Amino acid sequence: MSIGELSNLYRDGELDIHPEFQRIFRWTSEQKTRLIESILLGIPLPSIFVAQNTSGIWDVVDGVQRMSTIFQFMNILKGEDGEPIDPFICKAAPFLKSIEGMSFEAADAATASFSPAQRLDFKRARIDVKIIKRESDKRAKYDLFQRLNSYGSLATEQELRNCLLVSMSKKHFEWLEKIAEDESFKEVLDLPHRLLEERYHMELALRFVVFRKIDESQLKRIGNIGEYLTSALVDFTEYSDGQLAHEAAVLHDTFTLLNDAGGSAMLRRWDAQTGRTAGSFALTAFEIIAMGIGYYDSPDRIDVDDLKTRRAELWQKDEFKSRFSFGLSADQRMRKTIPAGRVLFAS
């Protein structure tokens, strides 16, 4: 299809590049300029993949950065709230030096822009489009979405998962985003700003949902944690409203209890000799304490004093003293931590 045809589909709301992705992908101005230059030079671009949803609209599954750059250059890109995004102005290009400082179509006579003939050439450039029909299942969309990081994206694993989740079920994405912003949850995690920006708190919320009830026999078959979490999204998008409400309540109640008991100190390593915590947020504590409480669905069965007592018992066990997970992969660690949490809070 020509860029002109794709831009018309986008204007008419028939091509969805999901504005939620625009704050996730961080292409530099140099990357954007090279894309514009490649189009002008007639260099073939990789195919974009779109998934046709039940309304007939095409969701861009792979090619978000390229489509966003093209539409921003053409000054038609919209943000999450429908607001126009400032048009992209080309930077210095490796070969076409003349496009530096140029826009697609100038807003005034003082700004350099493409000529009418150049704009037509740009819009007539063609891009290969692969379509996943609406009859295809979510697994097909998931498999193709793994291509997203193939073209220089600086997105984290959870940012890519968020894109996939939006593409499969925006409702479930918004639910996960909302519970990850739970006040007690964020206070107990106490993550640095960089990790919040990279949506690590959303990954931890997803881990809580996916792993708190996992069968222990399944723990032996997990393998790479990141890949397992991503594949788990397919099943997660089948959660009913009732299941989502229950999961949200368990997470909220669990972290409210932890916050009342000591806030961020509760998921840090505790030194029995000094009676103090050390270090920052620890996945070990998250998997044993938070998931151990959450496993039983009713965090209110435990009071603050009982929780503190059990935390002290945990860190005095030989197998969980300092450096216990040194050299262990995440899945090997979880084979110990998750069952240990269920035992710790069993009664």
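The values are calculated or read from the model by the stated rules, or taken from the named source; none is laboratory data. Here the structure is a predicted model, which is why all the values come from computation and not from measurement. Backbone-built Cβ (ideal geometry, glycine too); neighbour counts: all protein chains shown. Just so you know, the surface numbers come from the protein's heavy atoms only, side chains and all, with ligands and any DNA or RNA stripped out. Shrake-Rupley method; radii C 1.70, N 1.55, O 1.52, S 1.80 Å.
Structure data summary
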read-out: Qualifying helices (runs of 4 or more DSSP H) (wholly inside segment 207-314; at least 1 residues being among the basic types (K, R), closer than 20 Å to H172 by Cβ and in contact with a Pro (Cβ under 7 Å, 6 or more places away or on another chain)); value: none
read-out: Residues of segment 179-200 that turn out to be of a type outside the set (S, T, Y) and assigned to a helix (DSSP H, G or I), as a count; value: 13
read-out: Per-region count, segment 85-99, residues farther than 27 Å from V50 by Cβ and free of Cβ contacts under 8 Å to residues at least 24 places away in the same chain; value: 3
read-out: Where Q146 falls short, out of the listed (1) open to solvent by 50 Å² or more (accessible area, probe 1.4 Å); (2) modelled with pLDDT of 85 or more; (3) of a type in the set (S, T, N, Q); value: (2)
read-out: Residue that is modelled with the highest pLDDT [pool: residues in segment 1-59 that are open to solvent by 40 Å² or more (accessible area, probe 1.4 Å), under 21 Å from V166 (Cβ atoms) and β-branched (V, I, T)]; value: I57
read-out: Hits in segment 155-166 - residues which are open to solvent by 10 Å² or more (accessible area, probe 1.4 Å) and not β-branched (V, I, T); value: A155, E157, L160
read-out: Segment 214-239, subset hydroxyl-bearing (S, T, Y) and over 24 Å from I293 (Cβ atoms), residue nearest to the chain's Cα centre (by Cα); value: T230
read-out: All positions within segment 185-210 that are basic (K, R), over 13 Å from H252 (Cα atoms) and open to solvent by 50 Å² or more (accessible area, probe 1.4 Å); value: R194, R199
read-out: Complete set of residues in segment 157-184 that are in contact with a Leu (Cβ under 9 Å, 6 or more places away or on another chain) and free of Cβ contacts under 8 Å to residues at least 24 places away in the same chain; value: K171
read-out: E105 vs. criteria assigned to a loop (DSSP other than H, G, I, E, B), more than 18 Å from L40 (Cβ to Cβ) and either touching an Asp or Glu at 6+ places or on another chain (Cβ under 7 Å) or touching a residue at least 24 places away in the same chain (Cβ under 8 Å) (or both); value: no
read-out: Residue satisfying all of: in segment 298-318; over 33 Å from the mean Cα position of the chain (by Cα) and under 28 Å from R221 (Cβ atoms); modelled with the highest pLDDT among these; value: K317
read-out: All positions within segment 57-90 that are within 13 Å of S29 (Cβ to Cβ), assigned to a loop (DSSP other than H, G, I, E, B) and among the hydrophobic types (A, V, I, L, M, F, W, C); value: F88, I89, C90
read-out: Scope segment 174-201; condition aliphatic (A, V, I, L, M) and either at pLDDT below 95 or closer than 15 Å to G292 by Cα (or both); matching residues; value: L195, L196
read-out: Residues that are among the acidic types (D, E), more than 19 Å from T337 (Cβ to Cβ) and open to solvent by less than 50 Å² (accessible area, probe 1.4 Å), drawn from segment 242-296; value: E247
read-out: Lone unmet requirement of (1) open to solvent by less than 10 Å² (accessible area, probe 1.4 Å); (2) modelled with pLDDT of 95 or more for L219; value: (2)
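Okay, residues lined up against (1) part of a helix (DSSP H, G or I); (2) more than 21 Å from H18 (Cα to Cα):
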| residue | (1), (2) |
| --- | --- |
| I39 | yes, yes |
| F49 | no, no |
| S55 | no, no |
| A92 | no, yes |
| L120 | yes, yes |
